[in-house]
Amino acid sequence: MKEKAYTLNDRKWRIIGIPLMGMAIALMINFDEFLKLSRHFFISALFSTLLTLTFWEGNRYIIIWMRRIFPEYGQTGRRVAAEAVLAVIYVLLVSLLLDELYYKPVYHMSVLAISFRISIVPTVIVYLVYEAVYFFDAWKMNVRKTEALMRENVQSQLEVLKNQLDPHFLFNSMNTLAALIDDENTAAQDYLEKLSDVYRYVLVSRNKNTVVLSEEIAFVDAYVYLNKIRFRENLQVEKRLSTSILAQHVTPLSLQMLIENAIKHNVASRENPLQIVIRETNDGYLVVENNISEKTILEKSTRVGLQNIINRYSLLTDREVKITRKEGRFTVKIPLLGQLAE
């Protein structure tokens, strides 16, 4: 996955927070000197501010680093745990260097334990503030994405199912039609069975954000079967998929829409058969590719378009849907997904 470039919009926090925290630590350690307004207190305050700057900036870098590695809302626990470990190590190292390079040479004594305990306080405060803001922002973004995805699903349902008959009526009608078909007419029986499978899958999957690839492939097989009755060998669909990849997820009806899009826009004849390939890539994508033999008059389609797929994937992952057209081939790459909450 492409790494995101994270930046923190925290300039005001740092300008105000670093000197404020440095002053607060100096007050806790040398309050008596503060009451006297002695020179020692102001030196202590400057020293505390420099240390706060060191710890703040170092831990800030750790936060940015961990957000690049664990960017997702669901990875909050792992990110916080990693930050805690690295923060303790960083504070310990800085305290150790301070002890060896300053306190021991100047005061001839070790204050490592005290320095570590004092330094861990601003570190914890910095992490609490940054993580609280990040968690809240991520939560708001997650809510917005969920709402947007619901709107996209509603739009898809309206486009795909706006002229749909009552499901029970249609299935009852199919059962009645199956009973009317002669038992010896296996082709008609098979066609009706596949049609029922296609319709059933649309009903079951329409409210889901993602489906298992194996289920989508089974649906595509039924959809291709129906179209091959019409186009016969003029339509050729080849799948090059490993068994392990079938457990990944895709958005429902996405593969079917891409195949339908290819049929809609291209000629499928004996002289120019339409060849569609579904294959996987090494970088976590699923590819649907077809040769280009454009029709002069396009068929009308009530299905959702490529833009709808792009929109839905943009709400589920940072990886983009990739569309290319070159050397007589039209290729669409959709990212494979882990299982998401419905």
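The values are calculated or read from the model by the stated rules, or taken from the named source; none is laboratory data. Keep in mind the model is a prediction, meaning the values are calculated, not measured. Here Cβ is always computed from backbone atoms with ideal geometry, including for glycine, and neighbour counts include all displayed protein chains. Surface areas here come from the heavy atoms of the whole protein model, side chains and all, with no ligands, DNA or RNA. Shrake-Rupley method; radii C 1.70, N 1.55, O 1.52, S 1.80 Å.
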Counting only residues in the stretch 76-111 that are farther than 29 Å from ILE15 by Cβ, at pLDDT 80 or above and among the small types (Gly, Ala, Ser), the one surrounded by the fewest Cβ atoms within 10 Å (Cβ to Cβ) is identified as GLY77
Test: residue in the stretch 57-75 that is surrounded by fewer than 16 Cβ atoms within 10 Å (Cβ to Cβ) and more than 26 Å from the chain's Cα centre (by Cα):
yes
For the stretch 296-309, the count of residues that are open to solvent by 50 Å² or more (accessible area, probe 1.4 Å) and modelled with pLDDT of 55 or more equals 5
Got a sec? Which helices (runs of 4 or more DSSP H) wholly within the stretch 181-277 have at least 1 residues that are open to solvent by 70 Å² or more (accessible area, probe 1.4 Å)?
186-205, 213-231
